[in-house]
Structure formats: structure tokens, C-alpha cells
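Each reported figure results from applying straightforward, stated rules to the coordinates on display, with no laboratory input. A quick note: this is a predicted structure, and the numbers were derived from the prediction, not measured. Positions of Cβ are generated from backbone atoms using ideal geometry, with glycine treated the same way; all protein chains shown enter the neighbour counts.
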Amino acid sequence: MPSDLPAADTDAIAAQIRRFNESEFCRLLDMHIIEASEGYAKVTMDCCGKMNPGGVAHGGAIFSLADQAFGIAANCCGTHRVAVSVSIHYIAPAKGLLVAEARRVSDNGSCDTYRVLVHEGERPVAEFTGVAFRV
């Protein structure tokens with residue numbers, strides 16, 4: 001979290017991260033938010049227990065990680081947004097610890113677009129784009 005925020009804002013962001021981390025779905029997939037701020041989020045997930053029959057991470061698990069990062073980046077700092085469109089492109093299979101980094105890339109006043117890059121180490125695994133409508 002940015003250190004230049006007032007303590008009340010920092011506390012509110014920390015509480016929101018805690019709520020996301022404690023959600024049933026986040027716990028089910030063992031995802032962890034390691035950083036979040038307005039328009040940005042970084043979330044990790046180990047692929048262990050989320051493999052498909054081919055022995056690599058299930059595409060649904062990778063999608064869920066990217067979607068979680070998108071949702072946090074879109075809703076951190078008090079603005080409520082809902083997804084209206086998402087897409088994902090899988091680049092490479094994965095087996096280990098994944099990191100999803102979401103960033104807002106555009107804002108037209110009512111909808112924001114976010115790009116989420118999922119990596120295993122330095123290797124790109126997937127690229128996700130999400131559009132969120134401000135409620």
C-alpha cells in the first residue's frame with residue numbers, strides 16, 4: 001500500500017484486503033492478496049491441488065486468480081465496480097506459484113479497463129482483460 005496515504009485510508013484498504021483474503025472463494029483456492037491500492041492489485045496462488053488431468057494448473061484456477069486480482073484492483077479504496085466483460089488468453093502451462101498483477105489501464109468515467117498479467121516466476125502464463133462498470 002502506498003505509504004503517503006492518510007492512516008484512515010491505509011486502515012480502510014487493509015480492512016478491505018482482509019475481507020477479500022477471508023472470503024470463502026479466496027480461501028478455497030488459497031489465494032493471497034499481497035498488495036493493493038486504487039487501480040492495482042497483486043495476488044498469489046500456488047497451483048498445488050488445482051491441476052487438470054494433464055498435470056498442469058487448471059485453466060479455471062488461473063482464470064479465478066486473474067479475476068480475483070481484477071476485482072480487488074477495481075474495488076479497492078471505496079469505489080464499487082462490477083465486471084461487465086472479461087477475457088483471458090492462456091500463454092503457457094503452469095505448475096508452481098502464480099502471481100497475478102492487475103492494473104487499471106483506462107478510465108472513461110463510467111467504465112474502467114484493467115489488464116491482469118499472470119506469471120510463474122518470470123514466465124508469463126496468461127493475460128486477462130476486464131472491464132468494470134462503476135455502480
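To the nearest 500 deg cm²/dmol, what mean residue ellipticity at 222 nm is calculated for the chain from DSSP H runs of n ≥ 4 alone, each contributing -39,500 (n - 2.57), summed and divided by the residues? Display every interim value, and only then the final one.
Details: 3 runs with 37 residues, N = 135.
Calculated mean residue ellipticity at 222 nm is -8500 deg cm²/dmol.
Tell me which residues come under 5 Å, amide H to amide H, from Leu97 once H is placed; ignore anything under 5 positions away on its chain.
Amide H to amide H, under 5 Å and 5 or more residues apart or across chains, Leu97 pairs with Cys47.
Quote to one decimal, in nm, the extra length available between Glu127 and Arg103 on full extension: 0.36 nm per residue of separation minus the C-alpha distance between them. Write down the numbers at each step before the final one.
Numbers: separation 24, 0.36 × 24 = 8.64 nm, distance 1.17 nm.
Gain in length upon complete extension: 7.5 nm.
Anyone know which of Thr79, Thr113, Thr44 comes out most mobile in the 10 Å Cα GNM of the chain?
Thr79
Could you pull out the GluC sites (Glu not before Pro) across the range 68-124 that fall in loop regions by DSSP (anything but H, G, I, E, B) with no more than 14 other Cβ atoms inside 10 Å?
Here the sparse-neighbourhood loop sites are Glu122.
Cα-Cα pairs above 25 Å in the chain: how many percent? Walk me through the intermediate numbers first.
Working: 2106 of 9045 pairs.
Distances greater than 25 Å cover 23 percent of the Cα pairs.
Measure nothing but the geometry: give the 0 to 90° angle between the long axis through the Cα atoms of 59-75 and the longest principal axis through the Cα atoms of the chain, rounded to 10°.
That helix lies at roughly 10 degrees to the long axis.
How much length, in nm to one decimal, is gained on full extension between Ala92 and Glu38, taken as 0.36 nm per residue of separation minus their Cα-Cα distance?
Numbers: separation 54, 0.36 × 54 = 19.44 nm, distance 2.91 nm.
16.5 nm is the gain from fully extending Ala92 to Glu38.
Treat every Asp and Glu Cβ in the chain as -1 and every Lys and Arg Cβ as +1, leave all other atoms uncharged, and give the resulting dipole magnitude about the Cα centre to the nearest 20 debye.
On the way: 12 positive and 16 negative charges, 61 e Å.
It works out to roughly 300 debye.
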